[in-house]
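Chemist: Structure incoming, see below.
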Amino acid sequence: MSKTNESLMQRRQAAVPRGVGQIHPIFAESAKNSTVTDVEGREFIDFAGGIAVLNTGHVHPKIIAAVTEQLNKLTHTCFQVLAYEPYVEVCEKVNAKVPGDFAKKTLLVTTGSEAVENAVKIARAATGRAGVIAFTGAYHGRTMMTLGLTGKVVPYSAGMGLMPGGIFRALYPNELHGVSVDDSIASIERIFKNDAEPKDIAAIIIEPVQGEGGFYVAPKAFMARLRALCDQHGILLIADEVQTGAGRTGTFFAMEQMGVAADLTTFAKSIAGGFPLAGVCGKAEYMDAIAPGGLGGTYAGSPIACAAALAVMEIFEEEHLLDRCKAVAERLVGGLRKIQAKYPVIGDVRGLGAMIAIELCEGGDIHKPNAAAVAQIVAKARDKGLILLSCGTYGNVLRVLVPLTAPDAQLDKGLAIIEECFAELA
Ligand SMILES: Cc1ncc(COP(=O)(O)O)c(C=O)c1O
(Lines give C-alpha, C1' and ligand atoms only; values in the text may rest on other atoms or scores of the structure.)
Protein backbone atom coordinates (compact mmCIF):
# COMPACT_ATOMS: atom_id res chain seq x y z
CA MET A 1 0.00 0.00 0.00
CA SER A 2 1.40 3.41 -0.90
CA LYS A 3 1.98 5.85 1.94
CA THR A 4 -0.57 8.58 2.53
CA ASN A 5 -0.57 11.49 4.94
CA GLU A 6 -3.56 9.93 6.66
CA SER A 7 -2.03 6.48 7.14
CA LEU A 8 1.20 7.99 8.45
CA MET A 9 -0.78 10.26 10.78
CA GLN A 10 -2.45 7.18 12.27
CA ARG A 11 0.93 5.53 12.87
CA ARG A 12 2.29 8.79 14.30
CA GLN A 13 -0.61 9.13 16.70
CA ALA A 14 -0.08 5.59 17.96
CA ALA A 15 3.70 5.94 18.30
CA VAL A 16 4.43 9.59 19.20
CA PRO A 17 3.11 11.47 22.26
CA ARG A 18 0.48 14.12 21.58
CA GLY A 19 2.64 16.72 23.30
CA VAL A 20 4.73 16.82 20.14
CA GLY A 21 2.37 19.07 18.20
CA GLN A 22 2.05 19.18 14.43
CA ILE A 23 0.86 22.29 12.66
CA HIS A 24 0.14 20.74 9.26
CA PRO A 25 -1.21 17.17 8.76
CA ILE A 26 1.43 16.54 6.12
CA PHE A 27 4.37 14.18 5.89
CA ALA A 28 7.24 15.53 3.82
CA GLU A 29 9.07 13.20 1.45
CA SER A 30 11.58 15.52 -0.17
CA ALA A 31 12.35 19.20 -0.62
CA LYS A 32 14.36 21.55 -2.79
CA ASN A 33 15.04 25.21 -2.02
CA SER A 34 11.60 26.63 -1.13
CA THR A 35 9.47 23.71 -2.35
CA VAL A 36 8.46 20.71 -0.25
CA THR A 37 6.92 17.56 -1.73
CA ASP A 38 4.75 15.39 0.49
CA VAL A 39 4.42 11.59 0.54
CA GLU A 40 1.46 11.83 -1.86
CA GLY A 41 3.49 13.78 -4.41
CA ARG A 42 1.88 17.16 -3.74
CA GLU A 43 4.11 20.24 -3.84
CA PHE A 44 3.98 23.10 -1.34
CA ILE A 45 5.67 26.49 -1.27
CA ASP A 46 7.48 26.66 2.06
CA PHE A 47 7.06 30.00 3.85
CA ALA A 48 7.95 28.33 7.19
CA GLY A 49 11.52 27.18 6.49
CA GLY A 50 11.37 24.60 9.27
CA ILE A 51 10.82 27.51 11.71
CA ALA A 52 13.65 29.80 10.61
CA VAL A 53 16.16 27.03 9.94
CA LEU A 54 16.34 27.18 6.16
CA ASN A 55 17.51 30.69 5.29
CA THR A 56 19.69 28.98 2.64
CA GLY A 57 16.80 26.80 1.40
CA HIS A 58 16.19 23.05 1.53
CA VAL A 59 19.08 20.75 0.54
CA HIS A 60 21.34 23.49 -0.80
CA PRO A 61 23.84 21.67 -3.08
CA LYS A 62 26.83 23.34 -1.41
CA ILE A 63 25.71 22.23 2.06
CA ILE A 64 25.04 18.70 0.84
CA ALA A 65 28.49 18.56 -0.79
CA ALA A 66 30.21 19.86 2.38
CA VAL A 67 28.32 17.42 4.61
CA THR A 68 28.95 14.50 2.25
CA GLU A 69 32.68 15.25 2.21
CA GLN A 70 32.72 15.44 6.02
CA LEU A 71 30.65 12.24 6.32
CA ASN A 72 33.30 10.37 4.39
CA LYS A 73 36.10 11.71 6.60
CA LEU A 74 34.88 11.82 10.20
CA THR A 75 31.44 11.86 11.81
CA HIS A 76 32.13 11.89 15.54
CA THR A 77 34.91 11.93 18.08
CA CYS A 78 33.30 14.14 20.75
CA PHE A 79 35.14 17.48 20.66
CA GLN A 80 36.13 17.12 24.32
CA VAL A 81 37.89 13.82 23.56
CA LEU A 82 39.56 14.49 20.21
CA ALA A 83 39.11 17.90 18.65
CA TYR A 84 38.69 18.66 14.92
CA GLU A 85 39.27 21.77 12.82
CA PRO A 86 35.72 22.51 11.55
CA TYR A 87 34.57 23.25 15.15
CA VAL A 88 37.38 25.76 15.65
CA GLU A 89 36.76 27.32 12.23
CA VAL A 90 33.05 27.83 12.95
CA CYS A 91 33.95 29.52 16.24
CA GLU A 92 36.51 31.80 14.55
CA LYS A 93 33.96 32.83 11.92
CA VAL A 94 31.18 33.41 14.46
CA ASN A 95 33.54 35.43 16.69
CA ALA A 96 34.21 37.70 13.72
CA LYS A 97 30.52 38.09 12.84
CA VAL A 98 28.92 38.71 16.25
CA PRO A 99 28.83 42.45 17.02
CA GLY A 100 31.11 43.79 19.76
CA ASP A 101 34.52 45.42 19.65
CA PHE A 102 36.15 43.01 22.09
CA ALA A 103 37.84 39.60 22.08
CA LYS A 104 35.27 36.82 21.74
CA LYS A 105 35.06 33.08 22.18
CA THR A 106 32.36 30.66 21.06
CA LEU A 107 30.96 27.44 22.50
CA LEU A 108 29.10 25.05 20.20
CA VAL A 109 26.17 22.93 21.32
CA THR A 110 23.27 21.23 19.54
CA THR A 111 19.97 23.08 20.09
CA GLY A 112 18.80 26.61 20.73
CA SER A 113 17.54 25.68 24.19
CA GLU A 114 20.91 24.23 25.05
CA ALA A 115 22.59 27.44 23.88
CA VAL A 116 20.35 29.51 26.17
CA GLU A 117 20.94 27.14 29.10
CA ASN A 118 24.68 27.54 28.62
CA ALA A 119 24.49 31.32 28.26
CA VAL A 120 22.79 31.43 31.66
CA LYS A 121 25.41 29.09 33.15
CA ILE A 122 28.21 31.31 31.79
CA ALA A 123 26.52 34.49 33.09
CA ARG A 124 26.11 32.91 36.53
CA ALA A 125 29.75 31.82 36.65
CA ALA A 126 31.03 35.16 35.33
CA THR A 127 29.06 37.29 37.79
CA GLY A 128 28.70 34.99 40.79
CA ARG A 129 24.98 35.84 40.73
CA ALA A 130 21.97 33.62 40.02
CA GLY A 131 18.99 35.81 38.97
CA VAL A 132 17.88 36.29 35.36
CA ILE A 133 15.45 38.82 33.92
CA ALA A 134 13.46 37.76 30.86
CA PHE A 135 10.59 39.46 29.03
CA THR A 136 6.87 39.04 28.52
CA GLY A 137 6.17 37.12 25.30
CA ALA A 138 9.71 35.68 25.26
CA TYR A 139 10.49 32.26 23.85
CA HIS A 140 13.78 30.69 24.82
CA GLY A 141 13.09 26.95 24.56
CA ARG A 142 11.60 23.84 26.10
CA THR A 143 14.19 22.69 28.67
CA MET A 144 13.48 23.51 32.33
CA MET A 145 15.51 26.73 32.63
CA THR A 146 14.45 27.96 29.21
CA LEU A 147 10.80 27.14 29.95
CA GLY A 148 11.17 29.36 33.01
CA LEU A 149 12.51 32.15 30.78
CA THR A 150 9.78 31.62 28.17
CA GLY A 151 6.88 34.00 28.68
CA LYS A 152 4.02 31.76 27.56
CA VAL A 153 2.64 29.05 29.84
CA VAL A 154 0.13 27.37 27.50
CA PRO A 155 1.16 25.15 25.80
CA TYR A 156 4.85 25.18 26.70
CA SER A 157 4.90 24.55 30.46
CA ALA A 158 1.21 23.85 31.14
CA GLY A 159 0.66 20.88 33.45
CA MET A 160 4.31 20.77 34.52
CA GLY A 161 4.10 22.82 37.69
CA LEU A 162 6.37 25.68 38.65
CA MET A 163 9.52 26.34 36.66
CA PRO A 164 12.96 27.13 38.22
CA GLY A 165 13.12 30.13 40.55
CA GLY A 166 15.28 33.24 40.29
CA ILE A 167 13.64 34.34 37.05
CA PHE A 168 11.95 37.76 36.90
CA ARG A 169 9.81 39.10 34.08
CA ALA A 170 9.98 42.57 32.59
CA LEU A 171 7.71 44.05 29.91
CA TYR A 172 8.93 43.70 26.34
CA PRO A 173 8.70 47.10 24.64
CA ASN A 174 5.75 47.02 22.26
CA GLU A 175 4.43 50.42 21.15
CA LEU A 176 1.68 48.78 19.07
CA HIS A 177 0.16 47.37 22.25
CA GLY A 178 0.87 50.29 24.54
CA VAL A 179 4.21 49.35 26.12
CA SER A 180 6.63 52.23 25.57
CA VAL A 181 10.40 52.10 26.00
CA ASP A 182 9.93 54.01 29.27
CA ASP A 183 7.34 51.47 30.46
CA SER A 184 9.67 48.62 29.71
CA ILE A 185 12.66 50.17 31.49
CA ALA A 186 10.38 51.05 34.42
CA SER A 187 9.32 47.40 34.65
CA ILE A 188 12.97 46.40 35.14
CA GLU A 189 13.46 49.12 37.78
CA ARG A 190 10.32 47.74 39.44
CA ILE A 191 11.91 44.29 39.65
CA PHE A 192 14.90 45.90 41.39
CA LYS A 193 12.52 47.53 43.89
CA ASN A 194 10.05 44.70 44.42
CA ASP A 195 11.79 41.43 43.78
CA ALA A 196 15.58 41.34 43.71
CA GLU A 197 18.55 43.63 44.11
CA PRO A 198 20.55 44.24 40.91
CA LYS A 199 23.57 42.64 42.62
CA ASP A 200 21.70 39.33 42.54
CA ILE A 201 20.92 39.51 38.80
CA ALA A 202 23.41 37.72 36.54
CA ALA A 203 21.81 38.51 33.19
CA ILE A 204 19.00 40.08 31.23
CA ILE A 205 18.05 37.96 28.23
CA ILE A 206 16.25 39.45 25.25
CA GLU A 207 15.32 38.51 21.71
CA PRO A 208 16.13 41.57 19.55
CA VAL A 209 13.03 40.59 17.56
CA GLN A 210 10.65 38.32 19.44
CA GLY A 211 10.11 35.08 17.56
CA GLU A 212 7.30 32.95 18.95
CA GLY A 213 6.06 36.04 20.80
CA GLY A 214 4.88 37.71 17.60
CA PHE A 215 7.82 39.24 15.66
CA TYR A 216 7.86 42.47 17.66
CA VAL A 217 11.08 44.43 17.11
CA ALA A 218 12.87 45.94 20.11
CA PRO A 219 13.51 49.65 19.43
CA LYS A 220 17.17 50.68 19.10
CA ALA A 221 16.60 53.32 21.80
CA PHE A 222 15.46 50.57 24.15
CA MET A 223 18.54 48.47 23.49
CA ALA A 224 20.76 51.47 24.29
CA ARG A 225 19.01 51.95 27.64
CA LEU A 226 19.08 48.25 28.41
CA ARG A 227 22.82 48.18 27.70
CA ALA A 228 23.36 51.20 29.99
CA LEU A 229 21.28 49.62 32.75
CA CYS A 230 23.27 46.37 32.51
CA ASP A 231 26.56 48.31 32.61
CA GLN A 232 25.40 50.34 35.61
CA HIS A 233 24.66 47.19 37.61
CA GLY A 234 27.28 44.75 36.29
CA ILE A 235 24.57 42.60 34.70
CA LEU A 236 25.35 40.67 31.49
CA LEU A 237 23.18 41.30 28.44
CA ILE A 238 22.29 38.12 26.55
CA ALA A 239 20.93 38.53 23.02
CA ASP A 240 18.99 35.42 22.05
CA GLU A 241 19.54 35.34 18.30
CA VAL A 242 18.41 31.75 17.83
CA GLN A 243 15.60 32.84 15.48
CA THR A 244 16.89 36.25 14.32
CA GLY A 245 20.44 35.08 13.54
CA ALA A 246 22.07 33.76 10.39
CA GLY A 247 20.84 36.51 8.13
CA ARG A 248 17.08 36.49 8.68
CA THR A 249 16.81 40.18 9.54
CA GLY A 250 19.04 41.65 6.81
CA THR A 251 22.28 41.55 8.81
CA PHE A 252 23.95 38.31 9.88
CA PHE A 253 22.94 39.05 13.48
CA ALA A 254 20.03 41.35 14.31
CA MET A 255 22.08 43.07 17.04
CA GLU A 256 24.16 44.64 14.24
CA GLN A 257 21.17 46.94 13.74
CA MET A 258 20.66 47.73 17.41
CA GLY A 259 23.64 50.05 18.00
CA VAL A 260 24.94 48.16 21.04
CA ALA A 261 26.62 44.80 21.59
CA ALA A 262 25.46 42.02 23.87
CA ASP A 263 27.89 40.31 26.26
CA LEU A 264 26.65 36.89 25.20
CA THR A 265 24.82 35.91 22.01
CA THR A 266 23.00 32.65 21.44
CA PHE A 267 22.49 31.28 17.92
CA ALA A 268 21.15 28.10 16.29
CA LYS A 269 18.56 27.33 13.58
CA SER A 270 19.75 28.65 10.17
CA ILE A 271 23.43 28.71 11.17
CA ALA A 272 23.80 25.14 9.83
CA GLY A 273 21.03 24.97 7.22
CA GLY A 274 19.03 22.16 8.80
CA PHE A 275 21.80 20.34 10.67
CA PRO A 276 21.66 20.52 14.49
CA LEU A 277 24.11 23.18 15.62
CA ALA A 278 23.80 25.98 18.14
CA GLY A 279 26.14 28.04 20.24
CA VAL A 280 27.00 30.86 22.56
CA CYS A 281 29.42 33.58 21.49
CA GLY A 282 30.57 36.16 23.99
CA LYS A 283 33.24 38.29 25.57
CA ALA A 284 36.27 36.04 26.01
CA GLU A 285 36.65 36.85 29.72
CA TYR A 286 33.05 35.79 30.42
CA MET A 287 33.21 32.73 28.17
CA ASP A 288 36.28 31.57 30.12
CA ALA A 289 34.52 31.92 33.51
CA ILE A 290 33.66 28.20 33.59
CA ALA A 291 36.50 25.76 34.30
CA PRO A 292 37.41 22.89 31.91
CA GLY A 293 34.70 20.24 31.92
CA GLY A 294 31.88 22.65 32.77
CA LEU A 295 30.85 23.17 29.15
CA GLY A 296 30.27 20.77 26.28
CA GLY A 297 28.20 17.70 25.42
CA THR A 298 28.63 14.40 23.62
CA TYR A 299 27.29 15.63 20.28
CA ALA A 300 27.97 19.35 20.84
CA GLY A 301 29.47 20.89 17.70
CA SER A 302 29.26 17.70 15.63
CA PRO A 303 31.71 17.70 12.69
CA ILE A 304 28.79 17.17 10.27
CA ALA A 305 26.91 20.19 11.58
CA CYS A 306 30.10 22.28 11.61
CA ALA A 307 30.75 21.40 7.95
CA ALA A 308 27.20 22.52 7.18
CA ALA A 309 27.65 25.79 9.09
CA LEU A 310 30.86 26.62 7.24
CA ALA A 311 29.01 26.02 3.96
CA VAL A 312 26.12 28.23 5.12
CA MET A 313 28.47 31.13 5.90
CA GLU A 314 30.14 30.75 2.49
CA ILE A 315 26.77 30.67 0.74
CA PHE A 316 25.85 33.97 2.42
CA GLU A 317 28.97 35.55 0.86
CA GLU A 318 28.81 33.88 -2.55
CA GLU A 319 25.09 34.38 -3.11
CA HIS A 320 24.96 37.81 -1.44
CA LEU A 321 22.15 36.56 0.76
CA LEU A 322 22.06 39.64 3.00
CA ASP A 323 21.26 41.76 -0.07
CA ARG A 324 18.80 39.10 -1.18
CA CYS A 325 17.20 39.24 2.28
CA LYS A 326 16.49 42.95 1.78
CA ALA A 327 14.99 42.29 -1.67
CA VAL A 328 12.81 39.46 -0.30
CA ALA A 329 11.67 41.70 2.55
CA GLU A 330 10.79 44.57 0.20
CA ARG A 331 8.85 42.32 -2.15
CA LEU A 332 6.91 40.56 0.60
CA VAL A 333 6.26 43.55 2.88
CA GLY A 334 5.22 45.63 -0.17
CA GLY A 335 2.85 42.89 -1.33
CA LEU A 336 1.45 42.30 2.14
CA ARG A 337 0.84 46.02 2.74
CA LYS A 338 -1.21 46.10 -0.48
CA ILE A 339 -3.28 43.18 0.83
CA GLN A 340 -3.57 44.91 4.23
CA ALA A 341 -5.09 47.99 2.56
CA LYS A 342 -8.02 45.83 1.40
CA TYR A 343 -8.70 43.78 4.52
CA PRO A 344 -9.22 45.46 7.92
CA VAL A 345 -8.66 42.08 9.63
CA ILE A 346 -4.96 42.77 9.00
CA GLY A 347 -4.02 45.09 11.84
CA ASP A 348 -0.31 45.28 11.19
CA VAL A 349 2.40 44.13 8.80
CA ARG A 350 5.87 44.41 10.32
CA GLY A 351 9.25 42.86 10.69
CA LEU A 352 12.95 43.35 10.50
CA GLY A 353 14.40 42.21 7.18
CA ALA A 354 12.73 39.02 6.05
CA MET A 355 11.38 38.17 9.53
CA ILE A 356 7.89 39.27 8.60
CA ALA A 357 4.62 39.19 10.55
CA ILE A 358 0.99 39.82 9.70
CA GLU A 359 -1.06 40.53 12.83
CA LEU A 360 -4.78 39.82 12.60
CA CYS A 361 -7.42 41.53 14.69
CA GLU A 362 -11.18 41.75 14.99
CA GLY A 363 -13.07 44.62 13.37
CA GLY A 364 -9.90 46.56 12.60
CA ASP A 365 -9.15 46.93 16.34
CA ILE A 366 -5.51 46.00 16.90
CA HIS A 367 -6.24 45.31 20.57
CA LYS A 368 -8.67 42.49 19.71
CA PRO A 369 -6.48 39.53 18.67
CA ASN A 370 -8.02 37.29 16.02
CA ALA A 371 -6.51 33.82 16.43
CA ALA A 372 -9.50 32.21 14.65
CA ALA A 373 -8.75 34.12 11.45
CA VAL A 374 -5.07 33.13 11.66
CA ALA A 375 -6.03 29.45 12.02
CA GLN A 376 -8.34 29.73 9.00
CA ILE A 377 -5.71 31.43 6.85
CA VAL A 378 -3.07 28.82 7.78
CA ALA A 379 -5.49 25.99 6.81
CA LYS A 380 -6.72 27.66 3.63
CA ALA A 381 -3.18 28.50 2.51
CA ARG A 382 -2.13 24.89 3.01
CA ASP A 383 -5.07 23.68 0.90
CA LYS A 384 -3.83 26.03 -1.81
CA GLY A 385 -0.25 24.79 -1.56
CA LEU A 386 1.40 27.30 0.79
CA ILE A 387 2.91 26.40 4.18
CA LEU A 388 2.48 29.21 6.71
CA LEU A 389 3.10 29.40 10.46
CA SER A 390 1.42 31.32 13.24
CA CYS A 391 2.92 32.88 16.36
CA GLY A 392 2.10 35.46 19.02
CA THR A 393 1.06 35.28 22.66
CA TYR A 394 -2.56 35.10 21.44
CA GLY A 395 -1.85 33.01 18.33
CA ASN A 396 -3.02 35.95 16.21
CA VAL A 397 0.08 36.51 14.08
CA LEU A 398 1.03 34.91 10.76
CA ARG A 399 4.77 34.74 10.27
CA VAL A 400 6.86 34.41 7.17
CA LEU A 401 10.26 32.70 7.34
CA VAL A 402 10.67 31.80 3.67
CA PRO A 403 14.14 30.70 2.50
CA LEU A 404 16.10 33.77 1.34
CA THR A 405 17.03 31.71 -1.72
CA ALA A 406 13.37 31.39 -2.85
CA PRO A 407 12.87 32.67 -6.41
CA ASP A 408 10.72 35.79 -6.91
CA ALA A 409 8.11 33.71 -8.76
CA GLN A 410 7.51 31.66 -5.60
CA LEU A 411 7.33 34.74 -3.40
CA ASP A 412 4.73 36.19 -5.76
CA LYS A 413 2.77 32.94 -5.87
CA GLY A 414 2.83 32.81 -2.07
CA LEU A 415 1.55 36.40 -1.89
CA ALA A 416 -1.21 35.59 -4.39
CA ILE A 417 -2.30 32.61 -2.26
CA ILE A 418 -2.31 34.76 0.89
CA GLU A 419 -4.47 37.34 -0.87
CA GLU A 420 -6.91 34.64 -2.07
CA CYS A 421 -7.18 33.36 1.52
CA PHE A 422 -8.07 36.83 2.84
CA ALA A 423 -10.61 37.30 0.02
CA GLU A 424 -12.31 34.04 1.04
CA LEU A 425 -12.25 35.04 4.70
CA ALA A 426 -13.92 38.39 4.06
C1 LIG B 1 14.57 32.87 20.25
C2 LIG B 1 14.63 31.39 20.48
N3 LIG B 1 15.39 30.91 21.48
C4 LIG B 1 15.49 29.59 21.72
C5 LIG B 1 14.78 28.68 20.95
C6 LIG B 1 14.91 27.21 21.25
O7 LIG B 1 15.58 26.56 20.23
P8 LIG B 1 15.46 24.96 20.05
O9 LIG B 1 14.06 24.68 19.61
O10 LIG B 1 16.50 24.65 19.00
O11 LIG B 1 15.80 24.35 21.36
C12 LIG B 1 13.98 29.13 19.90
C13 LIG B 1 13.19 28.18 19.09
O14 LIG B 1 12.27 28.51 18.41
C15 LIG B 1 13.90 30.53 19.66
O16 LIG B 1 13.13 31.02 18.69
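Chemist: Take Arg190 and tell me if it is over 18 Å from the mean Cα position of the chain (by Cα), basic (Lys, Arg) and either within 16 Å of the ligand (Cβ to nearest atom) or more than 22 Å from Ala357 (Cα to Cα) (or both).
Modeler: Spelling it out, Arg190 is indeed over 18 Å from the mean Cα position of the chain (by Cα), basic (Lys, Arg) and either within 16 Å of the ligand (Cβ to nearest atom) or more than 22 Å from Ala357 (Cα to Cα) (or both).
Chemist: For Ala224, all conditions in the list (1) away from the ligand (no atom under 13 Å from the Cβ); (2) touching a Leu at 6+ places or on another chain (Cβ under 7 Å); (3) within 24 Å of Ile356 (Cα to Cα) hold save one; what is the number of the exception?
Modeler: Of the numbered conditions (1) away from the ligand (no atom under 13 Å from the Cβ); (2) touching a Leu at 6+ places or on another chain (Cβ under 7 Å); (3) within 24 Å of Ile356 (Cα to Cα), the odd one out for Ala224 is (2).
Chemist: Restricting attention to region 235-259, and to residues there that are touching a strand residue (DSSP E or B) at 6+ places or on another chain (Cβ under 8 Å) and surrounded by fewer than 24 Cβ atoms within 10 Å (Cβ to Cβ), which single residue is farthest from Gly100 (Cα to Cα)?
Modeler: The residue in question is Gly250.
Chemist: Considering only region 281-292, state which residues are touching a residue at least 60 places away in the same chain (Cβ under 8 Å), more than 23 Å from the chain's Cα centre (by Cα) and open to solvent by 30 Å² or more (accessible area, probe 1.4 Å).
Modeler: Passing the criteria: Glu285, Tyr286, Asp288, Ala289, Ile290.
Chemist: Go through region 1-28 and count every residue that is loosely packed, with under 10 Cβ neighbours inside 10 Å and either in contact with a helix residue (DSSP H, G or I) (Cβ under 8 Å, 6 or more places away or on another chain) or part of a loop (DSSP other than H, G, I, E, B) (or both).
Modeler: 7
Chemist: Among (1) of a type outside the set (Phe, Trp, Tyr); (2) within 14 Å of the ligand (Cβ to nearest atom); (3) open to solvent by 10 Å² or more (accessible area, probe 1.4 Å), which single condition is Gly128 missing?
Modeler: (2)
Chemist: Sticking with this structure for a sec: Within 16 Å of Gly112 (Cβ to Cβ) and either within 16 Å of the ligand (Cβ to nearest atom) or touching a strand residue (DSSP E or B) at 6+ places or on another chain (Cβ under 9 Å) (or both): is that true of Ala268 in this structure?
Modeler: In short, yes.
Chemist: Scanning for something open to solvent by 20 Å² or more (accessible area, probe 1.4 Å), at pLDDT 95 or above and either touching a Ser or Thr at 6+ places or on another chain (Cβ under 8 Å) or assigned to a strand (DSSP E or B) (or both), does region 327-346 turn up at least one residue?
Modeler: No: region 327-346 contains no residue that is open to solvent by 20 Å² or more (accessible area, probe 1.4 Å), at pLDDT 95 or above and either touching a Ser or Thr at 6+ places or on another chain (Cβ under 8 Å) or assigned to a strand (DSSP E or B) (or both).
Chemist: What tally of residues in region 69-113 results from selecting those that are within 16 Å of the ligand (Cβ to nearest atom) and surrounded by 22 or more Cβ atoms within 10 Å (Cβ to Cβ)?
Modeler: Qualifying residue count for the region: 6.
Chemist: Would you mention how many residues in region 180-190 are in contact (Cβ under 8 Å) with a residue 24 or more places away in the chain and out of contact with any Lys or Arg (no Cβ under 8 Å at 6 or more places or on another chain)?
Modeler: Of the residues in that region, 2 qualify.
Chemist: I've got another one for you. Out of (1) among the hydroxyl-bearing types (Ser, Thr, Tyr); (2) over 21 Å from Met355 (Cβ atoms); (3) away from the ligand (no atom under 16 Å from the Cβ), what's the single condition that is false for Thr251?
Modeler: Just one mismatch for Thr251, condition (2).
Chemist: Still on this structure, please answer the following. Open to solvent by 40 Å² or more (accessible area, probe 1.4 Å) and touching a residue at least 40 places away in the same chain (Cβ under 8 Å): is that true of Pro369 in this structure?
Modeler: no
Chemist: Another question, if that's okay. Of everything in region 35-53 that's within 19 Å of Ile271 (Cβ to Cβ) and open to solvent by 20 Å² or more (accessible area, probe 1.4 Å), which residue is nearest to the ligand (Cβ to nearest atom)?
Modeler: Checked region 35-53; the qualifying residue nearest to the ligand (Cβ to nearest atom) is Ile51.
Chemist: Then there's this: Given the conditions (1) assigned to a loop (DSSP other than H, G, I, E, B); (2) open to solvent by less than 50 Å² (accessible area, probe 1.4 Å); (3) touching a helix residue (DSSP H, G or I) at 6+ places or on another chain (Cβ under 6 Å), which single one is not true for Ala66?
Modeler: (1)
Chemist: Can Met145 be described as within 16 Å of the ligand (Cβ to nearest atom), open to solvent by 10 Å² or more (accessible area, probe 1.4 Å), free of Cβ contacts under 8 Å to residues at least 60 places away in the same chain and within 25 Å of Asp288 (Cβ to Cβ)?
Modeler: It is true that Met145 is within 16 Å of the ligand (Cβ to nearest atom), open to solvent by 10 Å² or more (accessible area, probe 1.4 Å), free of Cβ contacts under 8 Å to residues at least 60 places away in the same chain and within 25 Å of Asp288 (Cβ to Cβ).
The values are calculated or read from the model by the stated rules, or taken from the named source; none is laboratory data. Given the structure is predicted, the values throughout are model-derived calculations rather than measurements. Positions of Cβ are generated from backbone atoms using ideal geometry, with glycine treated the same way; all protein chains shown enter the neighbour counts. These area figures cover heavy atoms from the full protein model, side chains too; ligands, DNA and RNA do not enter into them. Shrake-Rupley method; radii C 1.70, N 1.55, O 1.52, S 1.80 Å.
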